[in-house]
């Protein structure tokens, strides 16, 4: 029944969930959603508010969940007004939350006992990438459920791939993170080189963007490095950091969170064997940047760590002279 006449249930309408809802509504689906508070924006976009996870489940042909914590995951599935209380034998639920595999497996087993198929989905990308339809969804679990609803998933974003058994998408996200962090660091080093060589950083960015030398990270995070303004990249992080600062708490450190993930990835790679020179260097660099207290909002702030917080430049004439000297040495 994966067509635009299907009713899609969406439980958890934060920034990511709302971006998902907008894409589905824009494609023509009926979307019934639930969030404990602040449903006005979702309703204004054309969504229908459900009274509870159970109410959404009773009205939907399939359900998507995008939740903030393991507590929310258990409550939404197994609570008194949860998904499983609806008694929907044969229902497919696609779980997109960033919680531990251990917690998801507990919920999956409870769902299976109730006749509900829970499929694990891992997203690489934030609401900006969902809105632009270039986030990636890695799917793990029941392949039949995936094939039944692949069209719906691809109406959220273009890149949706079944990766294997339940949890396989989490491994795929590590690979995606490897590339995101590597491309971000490469962009930072390239723009550092341009800046220190006396080139106009904005002109260099424009010259590379859209060319065969570019990357998605260069074009998104490189733009932040050009302006050296990172605060607005992720509105969730900005609000959380400001709220913590107002309460006298340590702000959310976006790079610290990523650095921990990169550290875990490095440990996984070491356990698997093989050679990962870029990963090893990247792991040390991001960890050092965090230690130096860079990166409140995003890993793009690794540029500030490399630049040591300064706008250091050379005169282009001096750089050209250095190149001449290098050329002369080669000729000799």
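The values are calculated or read from the model by the stated rules, or taken from the named source; none is laboratory data. Given the structure is predicted, the values throughout are model-derived calculations rather than measurements. In this analysis, Cβ positions are derived from the backbone assuming ideal geometry, glycine residues included, and neighbour counts consider all displayed protein chains.
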Number of the exception - residue 39 against (1) at pLDDT 95 or above; (2) touching a strand residue (DSSP E or B) at 6+ places or on another chain (Cβ under 6 Å); (3) farther than 26 Å from residue 162 by Cβ
(1)
Out of (1) surrounded by fewer than 19 Cβ atoms within 10 Å (Cβ to Cβ); (2) at pLDDT below 95; (3) within 24 Å of residue 32 (Cα to Cα), the odd one out for residue 127 is which?
(1)
Going through (1) more than 17 Å from residue 118 (Cβ to Cβ); (2) surrounded by fewer than 21 Cβ atoms within 10 Å (Cβ to Cβ) one by one, residue 24 fails only at (2)
For segment 173-196, state whether one or more residues are part of a helix (DSSP H, G or I) and within 30 Å of residue 115 (Cα to Cα).
yes
Restricting attention to segment 177-205, the residues that are surrounded by fewer than 16 Cβ atoms within 10 Å (Cβ to Cβ) and farther than 25 Å from residue 322 by Cα number exactly 1
Can you confirm whether residue 140 is at pLDDT below 95, outside the structural domain of residue 184 (by TED's automatic domain parsing), more than 21 Å from residue 29 (Cα to Cα) and crowded, with 21+ Cβ neighbours inside 10 Å?
no
Scan segment 142-168 residue by residue and report those that are within 15 Å of the chain's Cα centre (by Cα) and closer than 16 Å to residue 10 by Cα.
156, 157
Here is a list of conditions, (1) closer than 24 Å to residue 138 by Cα; (2) surrounded by fewer than 23 Cβ atoms within 10 Å (Cβ to Cβ); (3) more than 23 Å from the chain's Cα centre (by Cα), and residue 54 meets all of them except one; can you say which number that is?
(1)
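Condition check ((1) surrounded by 12 or more Cβ atoms within 10 Å (Cβ to Cβ); (2) free of Cβ contacts under 8 Å to residues at least 12 places away in the same chain; (3) touching a strand residue (DSSP E or B) at 6+ places or on another chain (Cβ under 7 Å); (4) assigned to a loop (DSSP other than H, G, I, E, B)) across all residues:
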{"residue": "267", "(1), (2), (3), (4)": "no, yes, no, no"}
{"residue": "286", "(1), (2), (3), (4)": "yes, no, no, no"}
{"residue": "289", "(1), (2), (3), (4)": "yes, no, no, no"}
{"residue": "295", "(1), (2), (3), (4)": "yes, no, no, yes"}
{"residue": "305", "(1), (2), (3), (4)": "yes, no, no, no"}
{"residue": "309", "(1), (2), (3), (4)": "no, yes, no, yes"}
{"residue": "313", "(1), (2), (3), (4)": "yes, no, no, yes"}
{"residue": "317", "(1), (2), (3), (4)": "no, yes, no, no"}
Any idea which residue in segment 197-214 is nearest to residue 181 (Cα to Cα), counting only those that are at pLDDT 95 or above and part of a loop (DSSP other than H, G, I, E, B)?
214
Residues of segment 105-141 being under 23 Å from the mean Cα position of the chain (by Cα) and in a loop (DSSP other than H, G, I, E, B), in sequence order, are 125, 126, 132, 133, 134, 135, 141
Please go through segment 227-265 and give me each residue that is surrounded by 19 or more Cβ atoms within 10 Å (Cβ to Cβ), at pLDDT 60 or above and more than 20 Å from residue 291 (Cα to Cα), ordered by number.
233
